[in-house]
1. Working out 0.36 nm times the residue gap between V45 and S23, then minus their Cα-Cα distance, what length gain in nm do you get to one decimal?
2. Over segment 22-88, with a single point scatterer placed on each C-alpha, what log10 of the ratio I(q)/I(0) does the Debye formula yield at q = 0.14, 0.22, 0.29 1/Å?
3. Starting from 0.36 nm per residue, how many nanometres of slack lie between V55 and A85 once their C-alpha separation is accounted for?
Amino acid sequence: MSTQYGNQPVGQHHATARSGAASENVLSIIAIVMGAIGLLFLPIVFGLGGLILAVVAKFARHERLSTIALLVGAVGLIGGMILGAVVAG
């Protein structure tokens, strides 16, 4: 006995496949940019934000660029604080 709609799955919609590596590394790319900005401007805001995004990208989404994002976020946070202390003092 066949149904009116054939053998189509009912109630489940699968997301379309994403193409390109950039769409798979969105959080990592944002974290890299924020870490780089944090090196020069507001390291506690941008560096820490980049570091948090990098941790989420690494452990929750398993993105390929997340290790680089962690490194850039840490350098942006710590390096920006040191650079700010040197310029201020």
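1. 5.4 nm
2. Results for segment 22-88 at q = 0.14, 0.22, 0.29 Å⁻¹ read -0.34, -0.70, -1.05.
3. Once the chain is fully extended between V55 and A85, it gains 8.2 nm.
Every number in this text was worked out from the coordinates using simple rules, so none of it is lab data. Because the structure is predicted, anything quoted here is derived from the model rather than measured.
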